[in-house]
Structures are given as structure tokens and as C-alpha cells.
Amino acid sequence: MTTPARKVLETTIPSARSIPFEAVLQGQTPMIFKGLARAWPLVRAGLESPRAAMDYLQANDGGGRLLAYVGQPEIKGRFFYDDSRTAMNFRAERAALSDILQRIEAGFDQADAPSLYIGSTDLDACFPGLAAENDLGLDVETFGPQPPLASIWIGNRTVAAAHYDMSNNIAVCAVGHRRFTLFPPDQVANLYPGPLEPTPGGQVVSLVDFDAPDFDRHPRFRDALAAAQVADLEPGDVLVYPALWWHQVEALDPFNVLVNYWWNAAPAFMDTPMNTLLHGLLSLRDRPDFEKQGWKALFDYYLFGPADQAGAHLPEAARGALGPMDLPKARRLRAALLDRLNR
């Protein structure tokens, strides 16, 4: 793939409390904070050697069997579909951390080593003590009603196909080097999303092979590349980007560790918008175009305009679900929806 020319904005700040979250999220501007986690013990161990990083992880191992993903050498680290697009080109298994690390280390000198990674593993549950020793010092009040979910990713040279997450992300490159190729949400059609299910990791992924794009099959991918941004991360660098941005993630060294923090400011009682999308497939997609345009106007009015727009002209007592949402209203609305769906 021709690397997109546009680089993610890089800067340095004195501490994580100086991260300009408003600029990143409201401005839809991913940012790299160079060396922000350089003092982490995990980062320092990785700079010493892969073995030192592995020893550090094992010293913090909670002892459980972790979910690992294993691919044969021929997938070249790209965890994806098989040719049918109905099954994966890798397998999942449970194993002890020590076993996984030994297998990764055994492949250091092999040009055709199997691809192997532990993905999205709860940091506190599986690596007790590690989070306290490797702490960004984030101001938790910044993140709304729920604290960020901290996860760890461990593996060799792997590629996570371009996908989006429904939460904002703080990604800490702890060991090894990583490349994120980022696309704004409006590039969805140009990325040729795959099936809604099954998916390689729980989210829809782009079907384009970034290393060898087939522009005859995926011609609009040229437009996606023109809108892309690349983040090349060194150990200790921190990347922050908004929810719903598509991102391909490449782990570039024989041993790599990423720690990330997902967060979303939405209250816990709110449903995931993916449920709305799925219900839209059921109720809207195949209607005549003139009807869909009418529903689009209604959605713009009730959902995508200002939150108080639809109820502003009504007496407060008459607003119901058109007024500010809270837990009791959410429960009543959910019950009404379930009653309608179970017809």
C-alpha cells in the first residue's frame, strides 16, 4: 500500500492531564503525544529487551488462562476471513500467559512463525498490579459517568484489519512499534465493510487488503486513502482518537504490547446505537426511496438535530421521551420497544 501522506498531529505535553480531549473529540482530530508513557516500567523493560518485557508481564500475571488468537504463517499476521468470508483464517484458544510468551519467543528467529496475539484483555482482572505501576495519571472526572476500560494487547507481528469502535480511545504503545492508519467515519463506503457477522474481532472490518489493494474491486479505496492519516508510534507514545474512526493497527516488531483505554461519555442507561442500526435494517432499508427520505427528515428532526429541539415547544410535563433522558424514562421506552418487537 502507498502510505497516506498525511500524518497524525504530534505534540508533547507535560502530563496526561494536559491532553486536549475537547480538541480531539469535538474537532475530530486524532493526536499523538510523544513519549507521554516513556517512564512506565513496562515501556522501560521493553526498551531493554523483549525478554525483559516478557519477564515484567509474567511478574504481574494473574494466573488465569487467557484468550489467544493463532494464525498459520501464510496469513502473514493479518487476522481476517477465509476466502468464503463466512469463517476466520485463525483459531481461538485458551492458554496460560507463560505458554503464549514462550511460543512468541520461539518464533523470534523464524521467518515463517505463526501469528499470535492476546487481544483486548482486561488489565485489572488479568494483570493485577500492572495498572497501578503503569498509570497515565488520567483525571477520571474527564470521562463522564463511567471510568475508562483498560485493556492490554500482546503479540508478535500482527495486523488488525481496519474497523471502528463505538468508544473513544487512548492507545499507549508500550512495547515495540505500531502503525495506526486512521480514517474519519465518513469514509465508511470507501472502505468496503465486510459482513455484520461473523467478524474477526466483534466489529465490522474493511475487506480491503491494505498491503495489496485491488483497485478494480475496491476503486473507492483511493478516496479513502486520500482522507487517511497515519500514526507511527514508538514505545511510550500515546495516540488519542475519537469513536467511530476506522483504524487498521499493525504491530511491527517480533514482540509488541499495547495498553488502551476505551471510554464514552454516554450514561449507562443508553443503548448502543448499533441496535438502532440493526432495527433500521429490519424496518427502513428496503422501503421505497420516497419513504426513506421522509423518515430521514424525521430522524434529522428527532435524533440528529439539537437534543432539545423536538420538545422545546411542548410544556415540560408533556415532553415525555422528548425531554432529557434518564434511567426511568429509558426503562419505560425500552419496555415499550420490547412490547412492539415481540409482536
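The values are calculated or read from the model by the stated rules, or taken from the named source; none is laboratory data. The model shown is predicted, which means the values in this text are computed figures rather than measured ones. Note that each Cβ is placed from the backbone with ideal geometry, even for glycine, and that neighbours are counted across all protein chains shown.
Kindly establish whether ARG178 is assigned by TED's automatic domain parsing to the domain that holds VAL205, under 24 Å from ARG85 (Cα atoms), crowded, with 18+ Cβ neighbours inside 10 Å and basic (Lys, Arg). So that I can check it myself, show each step before the final result.
Details: assigned by TED's automatic domain parsing to the domain that holds VAL205: yes; under 24 Å from ARG85 (Cα atoms): no; crowded, with 18+ Cβ neighbours inside 10 Å: yes; basic (Lys, Arg): yes.
Here the answer is no, as ARG178 does not meet what is asked.
Looking across the stretch 243-260, just one residue is touching a strand residue (DSSP E or B) at 6+ places or on another chain (Cβ under 6 Å) and among the acidic types (Asp, Glu), and that is GLU250.
Condition check ((1) more than 30 Å from ARG17 (Cβ to Cβ); (2) assigned by TED's automatic domain parsing to the domain that holds TYR241; (3) touching a strand residue (DSSP E or B) at 6+ places or on another chain (Cβ under 6 Å)) across all residues:
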{"position": "PHE79", "(1), (2), (3)": "yes, yes, yes"}
{"position": "ARG91", "(1), (2), (3)": "yes, yes, yes"}
{"position": "ARG94", "(1), (2), (3)": "yes, yes, yes"}
{"position": "PRO128", "(1), (2), (3)": "no, yes, no"}
{"position": "SER151", "(1), (2), (3)": "no, yes, yes"}
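Note on the stretch 138-153: among residues that are out of contact with any helix residue (DSSP H, G or I) (no Cβ under 7 Å at 6 or more places or on another chain) and among the aliphatic types (A, V, I, L, M), the one that is farthest from LEU123 (Cα to Cα) is VAL140. Just one of GLN102, GLN72 is free of Cβ contacts under 8 Å to residues at least 60 places away in the same chain, more than 23 Å from the chain's Cα centre (by Cα) and more than 13 Å from ILE154 (Cβ to Cβ); which is it? None of the others qualify; the one that does is GLN72. None of SER120, SER18 is small (Gly, Ala, Ser), in the same structural domain as VAL238 (by TED's automatic domain parsing) and within 21 Å of the chain's Cα centre (by Cα) except SER120.
Set side by side, the residues LEU244, LEU233 differ, and just one is at positive phi, at pLDDT 95 or above and of a type outside the set (Val, Ile, Thr), which is LEU244.
Report, by residue number, each residue of the stretch 199-230 that is part of a loop (DSSP other than H, G, I, E, B), at negative phi, out of contact with any strand residue (DSSP E or B) (no Cβ under 7 Å at 6 or more places or on another chain) and not aliphatic (A, V, I, L, M). Across the stretch 199-230, the qualifying residues are ASP209, ASP211, PRO213, ASP214, PHE215, ASP216, ARG217, HIS218, PRO219, ARG220. Those helices (runs of 4 or more DSSP H) of the stretch 244-343 that lie entirely within it include none in which at least 3 residues are in contact with a Pro (Cβ under 9 Å, 6 or more places away or on another chain) and surrounded by 10 or more Cβ atoms within 10 Å (Cβ to Cβ).
Given the criteria over 27 Å from PHE143 (Cβ atoms) and under 18 Å from the mean Cα position of the chain (by Cα), does LEU196 qualify? Walk me through it before giving the result.
Values: over 27 Å from PHE143 (Cβ atoms): yes; under 18 Å from the mean Cα position of the chain (by Cα): yes.
Criteria met by LEU196.
The residue list ASP223, ASP165 contains one member that is within 15 Å of the chain's Cα centre (by Cα) and surrounded by fewer than 22 Cβ atoms within 10 Å (Cβ to Cβ), which is ASP165.
For every residue, the table says whether it meets (1) under 30 Å from TYR192 (Cβ atoms); (2) modelled with pLDDT under 95; (3) of a type in the set (Val, Ile, Thr).
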site	(1), (2), (3)
VAL249	yes, no, yes
PHE255	no, no, no
HIS279	yes, yes, no
LYS296	yes, no, no
PHE299	yes, no, no
LEU303	yes, no, no
LEU314	no, no, no
ARG332	no, yes, no
